[in-house]
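Everything below concerns the one structure shown next.
No lab work stands behind these numbers, since they all come straight from the coordinates. As the structure is a prediction and not an experimental result, all values here were calculated from the model. Cβ placement follows ideal geometry from the backbone for every residue including glycine, while neighbour counts extend to all protein chains displayed.
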Amino acid sequence: MREITYLEAIKEALDEEMARDPSVFILGEDVGVYGGAFRVTEGFYEKYGEWRILDTPLSESGFTGAAIGAALVGMRPVVEMQFADFISCAFDQLVNVAAKNHYRWGAATPIVVRAPYGGNIHGGAFHSQCIEGFFFNVAGLKIVAPSTAYDAKGLLKAAIRDNDPVIYCEHKYLYRRVKDSIPEGDYIVPIGKARVALEGKDISIITYGAMVHTALEAAQALKEKGISCEIIDLRTILPLDKKSIFTTVKKTNKVVVLHEQTKTGGVGAEVSSLITEYCFDYLDGPIIRIAARDTPVPYSAQMEEAFIPQVKDVLSAVEKLIRY
Amino acid sequence: MDVKREDLLQLYYYLKLTRRLEDRVTSLYHQGKILGGAWTSNGTEAVSVGYGYALERNDIAAPYFRDMGVFLIRGISAKRIMAQYFGKKTGVTGGKEGNIHIGDLNFGVFAFPSHLADNYPVGTGAALAFKIRGEKRIAVACTGDGGTSRGDFHEGMNFAAARKLPMVFICNNNQYAYSTPLRLQMNIKDIAERALAYGIPSKIVDGNNVVEVYKAAKEAYEIARNGGGPTFIECKTMRMHGHSEHDSAKYVPRELLDEWKKKDPILNMEKYLLENTISQKAELESIDSRVKKEIEEAEAFAEQSPYPEPEDGLKGLYATPIAEE
């Protein structure tokens, strides 16, 4: 066991998978010689050469489409979106080509799209977005969003080995702020499985990504007030791990759904609906959603802080619900 | 480049097969036997037959929707194609997809997304894989004139050119994007000019002359196969039916159609084969009877095939399904 950051975990997963399987290659903007905007692929160019770590023209649809075509003939491409926000330019290729290939004509499309997403970095409207919601309604895609270095590595390896298109949401805020002790060598975190980030009995906070850490911080403060929170880290957004969601609801009977994505039509809306549809009798209060405000991500620190859910928002929601 | 007699006869056979299959589809569509729509390549068959026939077995085709010839040449049977139109379980996609949305990796054919020119980058990806693996294979992608205005057309070509990939781009310039004529689509005379911007050499060919299309494609494939990078081939032709069979295409001037009718690709080829004494009327007629029989059998097969079950619609979403505990 040794301690590495979330970013190093991503880098390790890529490096190990590329070394293990010659069909794995990376393409995207500035990933080669420069090593990526966030330095995730630093050193790869020297190690793997220009045909396994490809600097592409600035054309997300073009290189995502190319990744799809390469996948159709046996490769396992990993696409890096420089910022997740730019994935909108590849929306058509992901939604109409990658997501539907297997259903429409039985052709597996094993691509991974790495999407550095999320705010709290003062990036403004085009460098801070949570993009999972854009794709959450698209059957045929898989979406994962690790919150720990351990999961970042294990889920990326699982995504690369998976035969379906996977959007891998890596939170930029966590890159160098989160560290984990992780084992040497190979391991997988299965796609489609949530984890219990904190066991508790009074109330469930269902969340993912950077908000897991916000929830953990809130839970620590609530513990001092005698409130025991259970935190579910979804890890996979699409398809949702319904079993884990229902298990925690049946255990605590009170639910807060927390995410950094904007509120309307978000992942939280689906989680809430699933719970009311299948676990209504177990609920001892309304489901409270805590999410980003329904605006573009604002730039100024004051406005961005108000936009992104904070520990205090979780505290007040939990305290309100616990009294219900 | 000399084209062998047997290849010329095969080109003729595939022209006929494409035309007869799509003509039959058109009739069946008007009889209400085919759901949805029917898009055909009528008048432009020489394009798909020419570039499809020039491929090697291991190459990849990323076609578009007026490319019936490619599917047939790659080896996807008329039976499975007809069953596809009927929405039958025995169709190429088992009823998941309709009409020309045909793809089968066993035959090296990518299915086409309706978002035109999407297959330009996707086909380019296959060429990229070949280049990475050092394989002597090429990929070809096709779109119509309409698709050349979309971003993916440009992004695919630019990427293929920058990396000098073993890729060939075909454009079936049939002069109308649905109802919109070329003059409202672009301010250039030849679509081939667009390739120039990417440093891709281009060739303009008579899209109604199957031998010319075949030769141009073959030549481009060899350049690509030998590391020379992509070529763009503009095939000038004319769509003789509507955008789809529901569309009477009244927006196309009658005189334009009359003029192009004289240049029909099948008549062209017959004339070529007969005038050069490559074949005789009797031989061509026997090819045509073979084609007719094949279409009849295909239709019977499609008619007799079972429909999929409603629950089949839930299958196959993922290649790696999520294990339920």
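Secondary structure note: in the protein assembly as shown, about 20% of the DSSP beta bridges are antiparallel. One equal scatterer on each Cα of the range A:2-182, no solvent, Debye formula: the resulting log10 I(q)/I(0) at q = 0.13 Å⁻¹ is -0.58.
For A:Ser316 and A:Leu274, the FRET efficiency from 1/(1 + (r/R0)^6), where r spans their Cβ atoms and R0 equals 30 Å, is about 0.75.
Show me the helices of chain B, taken as full DSSP H stretches, that run 24 Å or more along their long axis by Cα and average 1.0 or above in Kyte-Doolittle hydropathy. Intermediate values should be presented prior to the final figure.
Details: long enough: B:5-30 (38 Å, -0.74); B:281-304 (34 Å, -0.93).
TM-like helix candidates: nothing returned.
Give, to the nearest whole percent, the P(r) tail of chain A beyond 31 angstrom, counting all Cα pairs. Above the 31 Å cut-off, chain A has 29 percent of its Cα pairs.
Exactly which chymotrypsin sites (Phe, Trp or Tyr not before Pro) in the range A:126-194 are in a DSSP loop and have at most 13 other Cβ atoms within 10 Å? Write down the numbers at each step before the final one.
Numbers: sites: A:Phe126, A:Phe134, A:Phe135, A:Phe136, A:Tyr150, A:Tyr168, A:Tyr173, A:Tyr175, A:Tyr187; in loops: A:Phe126, A:Tyr175, A:Tyr187.
Passing both the DSSP loop test and the Cβ count: A:Phe126, A:Tyr187.
Note on B:Lys262: aspartates and glutamates with a C-alpha under 19 Å away, same-chain residues under 8 apart excluded, are B:Asp23, B:Glu45, B:Asp206, B:Glu212, B:Glu270, B:Glu275.
Rounded to the nearest 500, the 222 nm mean residue ellipticity of chain A from helices alone is -10500 deg cm²/dmol, with -39,500 (n - 2.57) taken per DSSP H run of at least 4 residues.
In the calculated pair distance distribution of the protein assembly as shown, what percentage of Cα-Cα distances lie above 45 Å? For the protein assembly as shown, the share of Cα pairs beyond 45 Å comes to 28 percent.
What translational D, rounded to a whole number of µm²/s, comes out for the range B:198-292 from Stokes-Einstein when the hydrodynamic radius is the Kirkwood one over Cα pairs, at 20 °C and 1.002 mPa s?
It comes out at roughly 133 µm²/s.
Once you have a ≥ b ≥ c as the square roots of the Cα gyration tensor eigenvalues for the range B:5-314, tell me rounded if a/c is under 1.5, and otherwise prolate or oblate according to whether a/b is larger than b/c. Rounded is the answer for the range B:5-314, as its axis ratio a/c remains below 1.5. Adding -39500 (n - 2.57) for every DSSP H run of four residues or longer, then dividing by how many residues chain B holds, sets the calculated 222 nm ellipticity at -14000 deg cm²/dmol.
Which log10 I(q)/I(0) values does the range A:181-324 give at q = 0.13, 0.20 Å⁻¹ under the Debye formula, counting every alpha carbon as one identical point scatterer? So the normalised log intensities work out to -0.56, -1.21.
Our note on the geometry: Cα centres of the range B:1-22 and the range B:180-225, 21 Å apart. Test of understanding: given chain A, find the longest segment containing no trypsin sites (Lys or Arg not before Pro) that are in a DSSP loop and have at most 11 other Cβ atoms within 10 Å. Between exposed loop sites, the widest span is A:1-224. Rounded to the nearest 20, the size of the Cβ-charge dipole of chain B about its Cα centre is 520 debye, with Lys and Arg at +1 and Asp and Glu at -1. Legend: residue pairs A:Lys157/B:Lys164; B:Lys218/B:Lys271; A:Lys157/A:Lys251; A:Lys153/B:Lys96, Cα-Cα distance threshold 26 Å; pairs beyond threshold, A:Lys157/B:Lys164; A:Lys157/A:Lys251; A:Lys153/B:Lys96. Near B:Lys96, within a Cβ-to-Cβ distance under 11 Å, what is the net charge of the other residues, with Lys and Arg +1 and Asp and Glu -1? Taking every other residue near B:Lys96 into account, the sum is +2. If you take all other residues with their beta carbon under 9 Å from the beta carbon of A:Val318, and give Lys and Arg +1 and Asp and Glu -1, the sum is 0. Model label sites at B:Lys33 and A:Asp15, defined 7 Å from Cα along the beta-carbon direction, differ in position by 6.3 nm.
At most 15 other Cβ atoms within 10 Å and a DSSP loop assignment: could you name the trypsin sites (Lys or Arg not before Pro) in the range B:183-213 that fit? Before the final figure, lay out each step's value.
On the way: sites: B:Arg183, B:Lys189, B:Arg194, B:Lys203; in loops: B:Lys189.
Qualifying residues, ordered by number: B:Lys189.
Annotation for the range B:1-97: GluC sites (Glu not before Pro) lying in DSSP loop with at most 13 further Cβ atoms inside 10 Å of their Cβ are B:Glu56.
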